[in-house]
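Trainee: This is the structure, below, for whatever I ask next.
The values are calculated or read from the model by the stated rules, or taken from the named source; none is laboratory data. Everything numeric here is computed off the predicted structure, so don't read it as measured data. Glycine gets a Cβ as well: all are built from the backbone with ideal geometry, and neighbour counts include every protein chain shown.
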């Protein structure tokens, strides 16, 4: 019982520490979204604020201008990878 | 219907203000596994979010990878590479020279279709600018295509400018956004028409040289060449004429408007040739991607996808080439009608012109051209008359107020002049607004008419005060003359017109339920038209009083007896039409009450509201009007109570009364000397209704459960009642 509670609260803590931080998510169709992490749920559906969409391209992101989306939700099953800026992680006490 | 494209409005604080550190070269650390793992610990249905972010905000997020919401998805769904113009030229996917005539015809026709689709309310990005050639005409080497591309850009630019200036559009009518596209601003209008003319002349030479000669055997290849050259020539010339006409509308002189009318007629003459040669143009090639329409050479429907605002994806269905000529033909007719407004001089006639023009639900471009032609640069009417002068003329025409009569002593009185000038100046804005309101689409018009009643109520107030002041002055100067309620009558006339239009347009827009018809028609016939009739007759008397005084003054000067010519009174047609309308409305309201008595009107259950609530909602805009005072529900019920008659009428009596009203309307209208389309439309309704009412009075089909039908196809305000 105690173990479960702590696993749960640890998970919540990790996630809460990422709230309002910049996040970069690659989607199944190759597009990448960069925005502020605002919300998520058990299925890993993620809401990003001030999101910008970058088309599939090389690493340099030189492929034209990003498209401004505003508030966007990426369904969990379309998330390929999630990245955060290294600075954001320094603020957490437990670290990921 | 449409979400605002502005990002701020959806998200409050979560919108713009992208922090600087969100650059792509930041140090990104992959946390996928940990994140997903952490998520799994959350409970089912639990959301992890900041205190200030909740379901209300989350609701407006765009869902990615859902084709209904994610406009960026479609680029990945197609099999072809989406190239812009420069890329396509480099890749040699598109040619800028050595295009065949077939290709040119096909490209031009598709461009015309895109232009029309844009004028019908879609975005430039999804219509005209799906044509790669217009992105950068400087790169085009083919002279015909280059001139054409520039021509299309200029047409779009002028059209957009006109529509913006007129300001009679809403988001459903037109999308003014240009997405930063260059609209050939580096080339003058004159240069573009010159380039088009050069291409035209060259093509005309070719047409002449390939023409069939007498006695000669016709070579099919030469014949084809001839037809194709003719097809191309017609299109280039049409473009030049359309552009030139629009350029004329940008000029300030009204003579330019007549010029535009001539150009439009010439353009219309080319349409049959264009229509018969549509098949010479190349068609789109089929694309194997799902749900995508065939791609035309030189066009890329997705080239601007990333410029579109982050709303749900909107698809612009480009009209088919077969419909193109039909659309142009109607557009030209509308523009030619617009040109006729400059020959209308009286303000009331101008108002009528605007009303009639609006009734055919014209396109946003023609409505805008009408607005900007009327008030050139929003200053003078047709660029020559001051609105104040037009209002004074309208007053003279309608009610002949002594203060505006040259034969009245008030005319030279300083104070009187101040009063009337100030009043007329206060009238200009509401009347300009009224004319602008008539430029909107029918639905928006109704709404705005309701709102402008407030301004007219203020004018009414002022009119009464000025009338009283002028009357006081006049009594001192010319005791026999009166200035009673002249200005007030005129404003009241316009008030009533607006109120009547507001109610009648509810039928056109199909806003009323059947069970509401009776009180709407009652308000019109027993109240508004009754007031209108008395207002018109008061105006008429005022005119006659002025005329008598003028005659008196003439008699004093000359001993000759002026011949009394039987001239039609200026307001007689209007009085006649109002009588007819009043009878039609009276017939309808009695019909509805009778049908209700016979249980033939379906009523709602009124669980949470009542008839009073709906009544008051329908007439709410009238609450700001002082004269006539609004009729509240209780008052209406009292006034329309049938029990005050002894014995109270039964349905048969009411049907007969209705029949008599329709009969009266028919008689009045049949006596009109030169009946116009409107007279005939009303007759088409009055005649069958006379018969139907008589049948119903006789008890025809009284026991049937089937409800009557109301057919508004002959007249949008008055239905033919059909008993099934």
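Trainee: Determine which member of the set B:567, B:573, B:563 is surrounded by fewer than 17 Cβ atoms within 10 Å (Cβ to Cβ), under 29 Å from the mean Cα position of the chain (by Cα) and at pLDDT below 95.
Mentor: B:573
Trainee: Which condition breaks for residue B:186 when tested against (1) touching a residue at least 12 places away in the same chain (Cβ under 8 Å); (2) over 30 Å from residue B:354 (Cα atoms); (3) surrounded by fewer than 21 Cβ atoms within 10 Å (Cβ to Cβ)?
Mentor: (1)
Trainee: For the structure I just gave you, tell me whether residue B:675 is at pLDDT 95 or above and either surrounded by fewer than 16 Cβ atoms within 10 Å (Cβ to Cβ) or touching a strand residue (DSSP E or B) at 6+ places or on another chain (Cβ under 9 Å) (or both).
Mentor: Here the answer is no, as residue B:675 does not meet what is asked.
Trainee: So, one more: Being more than 21 Å from residue B:328 (Cα to Cα) and either at pLDDT 95 or above or assigned to a loop (DSSP other than H, G, I, E, B) (or both) is true for just one of B:98, B:138, B:157. Which residue is that?
Mentor: On the way: B:138 fails: either at pLDDT 95 or above or assigned to a loop (DSSP other than H, G, I, E, B) (or both); B:157 fails: more than 21 Å from residue B:328 (Cα to Cα).
Step by step, each of B:98, B:138, B:157 is checked, and only B:98 is more than 21 Å from residue B:328 (Cα to Cα) and either at pLDDT 95 or above or assigned to a loop (DSSP other than H, G, I, E, B) (or both).
Trainee: Follow-up question, since we're still on this one. Looking at the range A:70-81, I want the residues that are facing another protein chain (nearest Cβ under 8 Å) and have a partner that is assigned to a helix (DSSP H, G or I) and surrounded by 16 or more Cβ atoms within 10 Å (Cβ to Cβ) with Cβ atoms under 7 Å, at least 6 apart or on another chain. Which pairs are those?
Mentor: A:70/B:7; A:70/B:10; A:70/B:11; A:71/B:10; A:71/B:11; A:71/B:14
Trainee: Let me ask something additional. Cβ-Cβ under 8 Å, sequence separation 6+ or interchain: first residue in the range B:33-56 and at the interface with another protein chain (Cβ under 7 Å from one of its Cβ atoms), partner assigned to a helix (DSSP H, G or I) and surrounded by fewer than 11 Cβ atoms within 10 Å (Cβ to Cβ). Which pairs?
Mentor: B:47/B:55
Trainee: Going residue by residue through the range B:437-459, is there one that turns out to be in contact with a strand residue (DSSP E or B) (Cβ under 9 Å, 6 or more places away or on another chain) and farther than 20 Å from residue B:524 by Cβ? It would help to see each step written out before you state the result.
Mentor: Start the filter on the range B:437-459 by keeping residues that are in contact with a strand residue (DSSP E or B) (Cβ under 9 Å, 6 or more places away or on another chain), which leaves none.
For the range B:437-459, residues in contact with a strand residue (DSSP E or B) (Cβ under 9 Å, 6 or more places away or on another chain) and farther than 20 Å from residue B:524 by Cβ: absent.
Trainee: Additional query: Those residues that are assigned to a loop (DSSP other than H, G, I, E, B), more than 7 Å from chain B (Cβ to nearest Cβ) and within 12 Å of the chain's Cα centre (by Cα), I need them from the range A:33-45; list them, please. Spell out how you get there, then give the answer.
Mentor: Here is the first cut: in the range A:33-45, the ones assigned to a loop (DSSP other than H, G, I, E, B) are A:42-45.
Filter once more, so that each one left must be more than 7 Å from chain B (Cβ to nearest Cβ): A:43, A:45.
Correct list: A:45 only.
Trainee: Could you go through the range B:10-29 and let me know if any residue there is within 25 Å of residue A:12 (Cβ to Cβ) and modelled with pLDDT of 50 or more.
Mentor: yes
Trainee: Here is a list of conditions, (1) under 27 Å from residue B:712 (Cα atoms); (2) in contact with a helix residue (DSSP H, G or I) (Cβ under 6 Å, 6 or more places away or on another chain); (3) buried (at least 18 other Cβ atoms within 10 Å of the Cβ), and residue B:512 meets all of them except one; can you say which number that is?
Mentor: Condition (3) is where residue B:512 drops out.
Trainee: Output the number of the condition that residue B:438 fails; it satisfies all remaining conditions of (1) under 25 Å from the mean Cα position of the chain (by Cα); (2) surrounded by fewer than 20 Cβ atoms within 10 Å (Cβ to Cβ).
Mentor: The number of the failed condition is (2).
Trainee: Now, a different point. Taking into account only those residues within the range A:14-32 that are assigned to a strand (DSSP E or B) and more than 7 Å from chain B (Cβ to nearest Cβ), which is nearest to residue A:66 (Cα to Cα)? Write out each step before concluding.
Mentor: Our first condition is that a residue be assigned to a strand (DSSP E or B); within the range A:14-32, this holds for A:22-27, A:32.
Narrowing further to those that are more than 7 Å from chain B (Cβ to nearest Cβ): A:23, A:25-26, A:32.
Numbers: A:23: 15, A:25: 14, A:26: 14, A:32: 10 Å.
So, considering only residues that are assigned to a strand (DSSP E or B) and more than 7 Å from chain B (Cβ to nearest Cβ), the one nearest to residue A:66 (Cα to Cα) is A:32.
Trainee: Let me ask something additional. When you look at residue A:95, is it modelled with pLDDT under 70, more than 9 Å from every other protein chain (Cβ to nearest Cβ) and either more than 13 Å from the chain's Cα centre (by Cα) or farther than 25 Å from residue A:14 by Cβ (or both), yes or no?
Mentor: Values: modelled with pLDDT under 70: yes; more than 9 Å from every other protein chain (Cβ to nearest Cβ): yes; either more than 13 Å from the chain's Cα centre (by Cα) or farther than 25 Å from residue A:14 by Cβ (or both): yes.
Yes: the conditions hold for residue A:95.
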